[in-house]
1. Looking at the square roots a ≥ b ≥ c of the eigenvalues of the Cα gyration tensor of region 390-449, which shape do they give, rounded for a/c under 1.5, prolate if a/b is larger than b/c, or oblate?
2. What are the ³J(HN,Hα) couplings of region 262-271, residue after residue, when phi is run through the Karplus curve with 6.51, -1.76, 1.60 and θ = phi - 60°? Round to Hz, x for glycine and proline.
3. I want to verify the translational diffusion coefficient of region 205-276 in µm²/s; compute it with Stokes-Einstein, Rh as the Kirkwood radius over Cα pairs, at 25 °C and 0.890 mPa s.
4. Given axes a ≥ b ≥ c from the Cα gyration tensor, I'd like to know whether region 201-240 is rounded (a/c under 1.5), prolate (a/b larger than b/c) or oblate.
5. Report the residues of region 346-370 in range of a label on VAL294: point 7 Å along Cα→C-beta, backbone N strictly under 17 Å from it.
6. Along region 65-77, what does the Karplus equation 6.51 cos²θ - 1.76 cosθ + 1.60 (θ = phi - 60°) give for ³J(HN,Hα), rounded to whole Hz, x for Gly and Pro?
7. May I ask you to work out the translational diffusion coefficient for region 164-255 at 4 °C, viscosity 1.567 mPa s, via Stokes-Einstein with Rh from the Kirkwood sum over Cα pairs, reported in whole µm²/s?
8. Length gain on complete extension for the stretch LEU442 to LYS283, per 0.36 nm per residue less the alpha carbon to alpha carbon distance?
Amino acid sequence: MKKGIYSGILGSMVLFGWFMHLMLRSSEFVILSTNDIHASLDNMSRLATAVEECRDTVFTIVVDAGDRWTGNAYVDLAENRLPIIKLMNAVGYDVATLGNHDFDPGQKVLETAVENAEFDVICANMKSSGDNLNDVEGRERIVTPAGVAVDVIGVVTSYSNGHPDGNDVNFEGLQFEDPQLVAKRECKELNGDVKVLLSHMGHDRDLEFAAQCGGYDILIGGHTHKLLDTVVNGTVIGQTQRKLKYVGVTRVKMRGKRVVDVEYENIPLQNYAEDAEVKSLVKDIEANPALREVVGSMAHPINHVGLCNLQTKIIKEATGADIGIYHRGGVRIIEGLPEGDVTVKTLFDNEPFFSQVHLCEMTPAQLRKLIVEKYNDTVNAKESHCVDLYATTPYTIITDEDGEAYDVKFPRLKEGCKYKLAVADYVARNYAHFECENEVRLPILVYDLDVAYFKQNSPVRISNKPLQSVVVRKKQ
């Protein structure tokens, strides 16, 4: 009897010792992250090498923070935009959240992509009341070989219109709660050892959220295309800019189930060799001679401002409008264009949204209100407090000493007169305070207007000098 008691005590002590050993055992894992790929294929083979090398060394989780397409004709013109999903499957992603541009081609295409993804797609602040995207969960748990439970939550940005950036029709039947409120609520419900937030809110809202809610160990962000590596209120925050220039590397050290250290670093993908298998897949995707057709040429290099100036000029002249207006974010080739040939792919990459042009009439007063309200936009910070609306007519935004716009000067317009405007589709559909008369949406793609212009006017010349400016003046 005593022997049994002693055996039981000894057994309990052994079990307790084994349990304590597990609790105190050190382990590590790595999270590799991307965001805002925008269908970029150039470094996908290098990313595959980075993932393979990391997984050969340590347990690795690969995540993406949204916006997987919209920006490359080889993907955006393919059926259901599946080439990028095929490549992500080959690389070995584990989990991804949704970005606003993932909704661009419509919910059916997005649902097909989710169904074909060999990784989990999560978005906690999206609910579907329709037939699409009902299988998208809000969270994912990944358990490391050391038994560490890593809980990953995904959220996408949402604004006062009740959905992310994009045309209203793409979000019908979907509801989007405030991502910060949802992320905070989810954090309280998680019981994993490591808490990770995959956020497509933008760096500004990520930093704001982390300052208010210190419950996440790691926040992987996207949407604003920033190169970010910081710590706020105990949360390590990273973002890898855009188009696969970098991979985010988060090294997590554990002592049992307790986080000991978290380090984040953005590493240029150019440093890695190309994976042969993924390189071959990219080559197959890019084997489309129709997209390589030369439609014209540039007489000289132009920067992003020059491209914006060119886009406003094209839609103005094509429609016979008095003024052409285009938003900065709608001109996607940030680096501009070099001198020389311009192809079908180039023009589609610059305007991949299948946008149309709206014709309408506006007075300077209505245009002034639109520009001022957009400059002071408190909802979509990445489009505010800068020149967002480029135009063929020059204007100057007047701000007070606090940086808030209160007036716009139009040197070539007469107050009270009505002007015929050609306006970007996105501006007409989504900008608050867009007030006009006789609005008509033309059944013409901006891309088609661009192709026609280059075919008729090459070599194209346009000024890189901005027609818009911002001046600070003390409010009278």
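The values are calculated or read from the model by the stated rules, or taken from the named source; none is laboratory data. These figures come from a predicted structure and were not determined experimentally. Don't worry about glycine lacking a Cβ; one is built from the backbone with ideal geometry, like all the others, and counts go over all protein chains shown. To get the accessible areas, we keep the full protein, side chains included, count just its heavy atoms, and leave off ligands, DNA and RNA. Shrake-Rupley method; radii C 1.70, N 1.55, O 1.52, S 1.80 Å.
1. Prolate, since a/c reaches 1.5 and a/b exceeds b/c.
2. Per-residue couplings from phi come out as 10, 10, 10, 8, 9, 10, x, 6, 4, 6 Hz.
3. Taking Rh from Cα pairs, D becomes 185 µm²/s.
4. Cα axes put region 201-240 in the prolate bin.
5. From region 346-370, the list is 346-347.
6. 9, x, 6, 8, 9, 6, x, 8, 4, 4, 9, 5, 9
7. Answer from the Stokes-Einstein relation: 91 µm²/s.
8. Taking 0.36 nm per residue and subtracting the Cα distance, the gain is 53.6 nm.
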